[in-house]
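Computed from the coordinates by the stated procedures, all read-outs in this text should not be read as laboratory data. On a predicted model such as this, the values are computed, not experimentally measured, just so you know. Here Cβ is always computed from backbone atoms with ideal geometry, including for glycine, and neighbour counts include all displayed protein chains.
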Amino acid sequence: MISELRITDLGVISDAIMSFDTGLTVVTGETGAGKTMIVTGLGLLLGGRADPKLVRTGADRALIEGRFAGSAVGTVERVLEVGGQLDEDGELLVARHLTPTGRSRAYLGGAAVPAGLCADVAASLVAIHGQADQVRLVESGHQRHLLDRLAGTDVLQPLQTYGRLWAESQAARSEVAQLRTEAQARAREIDLLRFGLEEIEKVGPLPGEDVALAAEATRLQAADDLRTAAHSAIMALAGAEDEAGGALAWLSSARKALESRAGQDAELEGLAHRLKEAGYLLTEVTADLSRYLDDLDAQPGRLEEIAARRAQLSTLTRKYGNSSEEVLAWSADAGSRLADLENSDDRILSLTERISELDGQLADLAAEISSARRQAAERFGGLVVGELTALAMPHAKLSFELTRTELGPHGMDSVDLLFSANPGSEPRSLGKVASGGELSRVRLALEVVLAAARDTKTLVFDEIDAGVGGRVAVEIGRRLATLARHAQVIVVTHLAQVAAFADRHYVVVKSDDGQVSTSGVRQVADADRAAELARMMAGLETTDSALAHAGELVELASSARAGAGVSPS
């Protein structure tokens, strides 16, 4: 359960702290005083959307903190997994920060976490039922959701498997439809890919071949100049064949001159050795130059061959890439794409077989889900009617009508909640026959029944009593008090008849500047209960008759909580 809630700079609330305990807590206040911000703050702790407009004007941020006591073992494990901790009292602190720029931060046990994780953890601790639930109550999808929640694991477990298989089936159907729609385009693409691959295979380019051929062509085109340069170098090194001379001859003379006196001086011997090594190097260079000249002379017609090959490569680089490497890369990608396209028929066959298999599994699961829903519907209808009787609707009838449909994302059932409030009236769709006050009571009855089927410790109702008053409001207060015997219940209400049944009563009051400070959220003492209830009934001025009526309400509520079962007059 939640033990404390602190709100800072949220909406009209400047700073407010509320403490909670077991039982029924009501929050009241004038319209616009900010009491709904209490529910909004709790909703943000549960991962609600962070609207920057909620930050109080002029504030740097809004802060919402909730302390939860008695957290389940599974919840504590989740907190520890993300690096959070319980406080010294063993309570879990959940916090949410909002800024006017729209940035939001969530904290679980002191650890920063995604808002979604906060929602997962806090949702097991608190369930909020706002006025929007009354609107959704008439929607078939929401009615089906309520029925599934009551059925519990009998529906929810197979429904989870069903949802996964349904998603797979839809994805497979979409892919098959796309493959069939694109059949002509696929055939054209196959032809183009085959042509390109055959053209590339016919030429057979090699990696880097275009670059190597360009370099070779450049060398051959300058063959005469290269030959002259190489021949001149050989002549300078080795001299003419018919006469002595050249660098090698002079180097040999120099080496011999030094070697003749090398034994007389170590340094001179080292220099002679270096000249000998230089001789070896020049001899190798001369030999390499001779081979270079032979190669230039031994390639007649090579330039024409290179030109023809480069022309072949050019036909490929104009279409498939700017170089041989890019052409080969295109070929590899095209081969893979061609294989995929040629396997499309096989893919369609495989997907069609899988769809047929999934249809069978979905049909079996849908039948299982439908059977569990029908069993739950029988139980649920009777339980809710019992609650409606306690809410001053003794002749009410309520049942779930399940109509078989084609397989859909939630099975094969269309759910319609049928209702009638008066004897002799045939039940019809809830949204067509129920008034606002009747919807409020049906919603409360549903939630009371659902509360027994879940582990949520805290239930929050935002104006569950909308559209009712008088004796009906008293019965709603009585039912909320009964519900609070099994769960912590927090109710935002504008009716004194409901507030009379509270174990704790908070009043939200705005100051003259339009803000709600800590002092603006006060707990009503038992001695002041009658006066506050009278103010709620009579408005700004408390009359003697209102005080008397309020006193009767307090006595009635006290008797009801004590189990006396006093009926309202």
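Listing for the model above:
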{"read-out": "Contour excess over end-to-end distance, with Cα ends at Leu293 and Glu189 and 0.36 nm allotted per residue", "value": "32.2 nm"}
{"read-out": "Projected area, mean over directions - the stretch 197-237, Cα convex hull, nm²", "value": "4.1 nm²"}
{"read-out": "Given charges at Cβ of Lys, Arg, Asp, Glu: the chain dipole, positive-most of Pro52, Ala185, Ile355", "value": "Pro52"}
{"read-out": "Inter-probe distance in nm under a simple model that places probes 7 Å from Cα toward Cβ, at Arg136 and Gln160", "value": "2.0 nm"}
{"read-out": "Cα-centre dipole for the chain with unit charges at Cβ (Lys and Arg positive, Asp and Glu negative), debye to 20", "value": "2480 debye"}
{"read-out": "5 angstrom amide H check on Gly29, placed H, neighbours 5+ away", "value": "Val508"}
{"read-out": "Global geometry of the stretch 472-511, whether rounded, prolate or oblate, following the gyration tensor of its Cα atoms and the 1.5 cut on a/c", "value": "oblate"}
{"read-out": "Inter-label distance for Gln264 and Ser350, nm, one decimal - labels placed 7 Å from Cα along Cα-to-Cβ", "value": "9.2 nm"}
{"read-out": "Extension gain (nm, one decimal) between Ser371 and Ala119, 0.36 nm per residue minus Cα-Cα", "value": "87.6 nm"}
{"read-out": "R0 of 45 Å, Cβ-Cβ distance Arg105-Ser174: FRET efficiency to nearest 0.05", "value": "0.70"}
{"read-out": "Calculated FRET efficiency for the pair His231/Ala254, C-beta based, R₀ 25 Å, to 0.05", "value": "0.50"}
{"read-out": "Cα-projected label distance for Gln221 with Asp544, points at 7 Å along beta-carbon direction, nm", "value": "12.1 nm"}
{"read-out": "Helix-only [θ]222 nm of the chain, DSSP H runs n ≥ 4, -39500 (n - 2.57) each, per residue, nearest 500", "value": "-18500 deg cm²/dmol"}
{"read-out": "Volume of the Cα convex hull of the stretch 209-322, divided per residue and given in Å³", "value": "120 Å³"}
{"read-out": "Share, in percent, of DSSP beta bridges within the chain that are antiparallel, nearest 5", "value": "70 percent"}
{"read-out": "Extension gain (nm, one decimal) between Ala531 and Thr181, 0.36 nm per residue minus Cα-Cα", "value": "118.5 nm"}
{"read-out": "Residue exposure sequence - Tyr107, Tyr162 - by fewest surrounding Cβ within 10 Å", "value": "Tyr107, Tyr162"}
{"read-out": "Residues Phe68, Phe501, sorted so that the one with the fewest Cβ neighbours within 10 Å comes first", "value": "Phe68, Phe501"}
{"read-out": "At q = 0.13 Å⁻¹, base-10 log of I(q)/I(0) for the chain (Debye sum, equal scatterers on each alpha carbon)", "value": "-1.31"}
{"read-out": "Percent of Cα pairs exceeding the 12 Å cut-off, where the set is the stretch 171-211", "value": "70 percent"}
{"read-out": "Under 13 Å from the Lys276 label point (7 Å along Cα→beta-carbon), backbone N, the stretch 220-261", "value": "255-261"}
